[in-house]
1. Among the listed pairs A:K29/B:K85; A:K133/B:K208; A:K133/B:K220, which are separated by more than 31 Å between their Cα atoms?
2. Indicate the gyration tensor shape class of chain B (rounded, prolate or oblate), computed on the Cα atoms with a ≥ b ≥ c the square roots of the eigenvalues: a/c under 1.5 is rounded; otherwise a/b larger than b/c is prolate and the rest oblate.
3. Assigning unit charges at the beta carbon (Lys, Arg +1; Asp, Glu -1) and nothing else, what dipole magnitude in debye, to the nearest 20, does region A:10-245 show about its Cα centre?
4. For peptide A:189-195, what's the mean number of Cβ atoms from other chains within 10 Å of each residue's Cβ?
5. Partner chain Cβ atoms within 10 Å, averaged over the residues of B:51-62 - can you pull that number for me?
6. Taking K and R as +1 and D and E as -1, what net charge do the other residues with C-beta under 14 Å from the C-beta of B:A64 add up to?
7. What does the average come to when, for each residue of peptide A:213-222, you count the partner chain Cβ atoms lying within 10 Å of its Cβ?
8. Counting Lys +1, Arg +1, Asp -1, Glu -1, what net charge surrounds B:M232 among other residues with beta carbon under 11 Å of its beta carbon?
Amino acid sequence: MHIPDGYLSPSTCATFYLFAATGWYAALKRVKQLLATRAIPLISVFAAFCFVVMMFNVPLPGGTTGHAVGVGIAAIVLGPWGSILAISIALAIQALFFGDGGITTLGANCFNMAIVGSFTAYAVYRMIAANSKLSSRQRVVAAAIAGYVAINASALVTAVELGIQPMLFHDASGTPLYAPYPLHVAIPAMMIGHLTFAGLAEAVISAGMVSYLQRAELSLLRGVSGLAQAPGAMIASASAEDSPRRLSPGRLWWAVACLMLFTPLGILAAGTAWGEWSSADWMNPHTREQIGTASGNHAPPSSVPAGIEKLSTVWTAPFPGYAPRFVKSPGFGYLLSAMFGVGFIVLASLLARLAARKWPGRNSGS
Amino acid sequence: MSRHSFLEATLQGFTRAVSKALQSEHAAAQPGLLQQLDPRVRVLGIFGLVVSVILCRRIEAIAAILLVAIAIAATSRVSLASLAKRVWLVVLGFSGVIALPALFITPGEALATLPALHLSISVQGVRAAVLLVLRVETAATLTTVLVLATAWTHILKALRSLHLPAEIVIMLAMTHRYVFLLIETANQMFESRKSRTVGTLSGAERRKMTARTAGVLLSKSIELSQEVYLAMLSRGFRGEVRLLADFRLKARDYAGLTAFLFTGGLAVWMGR
């Protein structure tokens with residue numbers, strides 16, 4: 001999953017450096033705030049531990065072996081912010097000192113494994129472990145699933161980054177300039193290996209270590225449970241469960257803004273969305289072919305189904321195809337649609353809140 | 001796969017990492033071209049060339065940078081044989097295999113057909129595969145030459161001079177130091193376990209053993225971080241990081257930086 005130099009275009013590398021830098025900045029700020037002077041030795045030694053764990057050959061069912069990243073156990077013991085820093089430092093040492101993974105692609109590698117991996121592992125572990133006892137079997141299962149899902153989420157993001165390269169970066173003759181495989185090749189090629197070997201290796205290491213820590217060093221698992229201030233687990237305990245946190249409106253706005261910026265990614269999707277065909281799609285030979293292919297090679301009916309034809313004229317969308325008619329650029333149209341949609345929802349929420357304040361009795365009465 | 005091969009493969013991995021580090025230390029101490037330059041110029045110049053490799057769109061321009069990288073390696077007393085073993089063959093094996101299907105599945109003008117397999121090779125496929133492999137080979141050669149010709153502490157100081165936050169630099173330095181200590185610890189644990197194991201272990205036992213070793217290593221790591229923290233406090237650490245940066249640029253450093261930037265810029269211009 002370590003993308004070497006040369007697989008991603010300069011603009012992709014720059015974009016992911018920006019994403020990763022945002023993650024590093026937030027993580028460093030958070031970890032320093034929670035651990036103060038303790039942060040540097042803890043994160044450094046934990047990064048060294050992650051580096052060494054990445055070298056372990058994990059025996060898998062069937063006699064083969066695989067390598068884990070250690071993101072599952074890092075997120076469980078350190079929490080997501082500490083894990084982002086530890087895994088990123090380990091990846092930086094691998095790239096800068098051992099030549100494993102590129103320098104220009106370090107931002108993308110850290111985004112995929114450290115940021116996406118840590119948050120996914122932490123969220124899945126918290127969701128499955130819930131309020132179970134620290135020594136319960138449920139936590140071992142949660143760790144296994146968290147490690148497995150985190151590695152596969154990282155692999156999927158990596159595959160998407162690689163898969164969009166030939167679409168976006170090719171020369172006049174159509175030669176792909178960087179990673180040459182489109183999404184429909186890159187995603188299965190990447191996911192087969194991770195859904196089987198790499199995902200299993202991470203699951204085995206995460207579950208095995210949680211099981212070991214339950215017997216030998218339970219305090220290290222308290223970071224996520226928030227039952228005590230364990231030496232190595234203060235980051236997570238303070239950030240996660242000691243005081244259940246609510247998502248502040250400011251953060252929510254930032255998250256919505258980021259999601260809106262990503263909306264033009266929809267343009268990259270090839271073909272039509274299954275089941276979202278308009279009556280015009282049934283008459284167009286090209287889209288008819290796509291409908292047939294997407295429906296298990298079942299030929300679509302020769303004419304527009306009567307129900308679809310009748311109901312299609314009931315409502316005409318103001319922004320058909322996620323772009324107002326006067327906007328020529330599809331990317332800008334997506335962004336405008338996202339802003340309009342979010343604005344509409346916010347307005348509706350404000351009106352609902354206003355109504356609730358005006359008639360409090362009715363709101364809480366029944 | 002034999003019952004103990006996962007243990008041996010892990011032990012071999014540890015040995016390889018340590019031997020790579022020793023090789024770097026040895027090469028960094030040689031009186032070569034790169035070694036004569038200020039570490040900041042080396043880091044900036046090589047990073048600049050790596051960026052120019054990914055900016056170039058023509059095979060010829062990337063091949064020219066590869067030749068420059070080989071020339072830098074040869075004049076910096078970096079063994080070409082070790083580069084071939086450590087970089088060129090490894091990259092060819094990895095990226096070459098990844099690039100191979102691109103010959104057949106990249107749509108475009110047909111170049112040749114394999115009659116037995118009914119597969120045709122496209123011109124665009126060949127160009128895409130060559131571009132990918134050449135890019136990875138060139139970038140990996142440049143990075144490896146930099147690492148071999150520069151002590152890790154100098155790379156870190158150079159990164160700090162280039163305004164990487166001090167906390168990140170100190171974490172990279174400490175992680176690098178403790179990586180070798182933890183490799184040694186893990187090596188000893190695996191070796192002692194190997195020496196005590198008689199007969200064969202089942203798959204489940206092997207997985208349990210690996211996870212337990214990782215668990216013990218985690219406990220030791222946390223304990224170690226506590227000790228390091230106390231040692232830092234006892235030496236007056238109050239959260240502020242100061243690094244010595246006693247580099248001074250000389251005339252040859254300016255000349256070297258100009259040469260790096262000119263080469264990279266020329267390659268990007270020729271290869272646009």
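1. Values: A:K29/B:K85 42 Å; A:K133/B:K208 22 Å; A:K133/B:K220 24 Å.
Beyond 31 Å: A:K29/B:K85.
2. Numbers: a/c = 2.40, a/b = 1.15, b/c = 2.08.
Oblate, since a/c reaches 1.5 and b/c is not below a/b.
3. Values: 11 positive and 7 negative charges, 164 e Å.
Dipole size: approximately 780 debye.
4. Working: counts 2, 0, 0, 0, 0, 0, 0.
The mean count of partner-chain Cβ atoms within 10 Å per residue comes to 0.
5. Numbers: counts 6, 1, 3, 14, 3, 1, 5, 2, 0, 0, 0, 1.
Per residue, the average neighbour count from other chains is 3.
6. Values: positive: B:R57, B:R58, B:R135, B:R272; negative: B:E60, B:E137.
That sum, taken over residues with Cβ under 14 Å, equals +2.
7. Values: counts 4, 1, 2, 5, 6, 0, 2, 4, 0, 0.
Going residue by residue through A:213-222 and averaging, the value is 2.
8. Working: positive: A:R38, B:R235, B:R238; negative: B:E227.
Every neighbour counted, the sum reads +2.
Readers should treat all values here as calculations from the given coordinates under stated rules, not as data from a laboratory. Nothing here was measured: the structure is a model prediction, and the numbers come from that model. Using ideal geometry, Cβ is built from the backbone for each residue, glycine included, and neighbour counts are taken over all protein chains shown.
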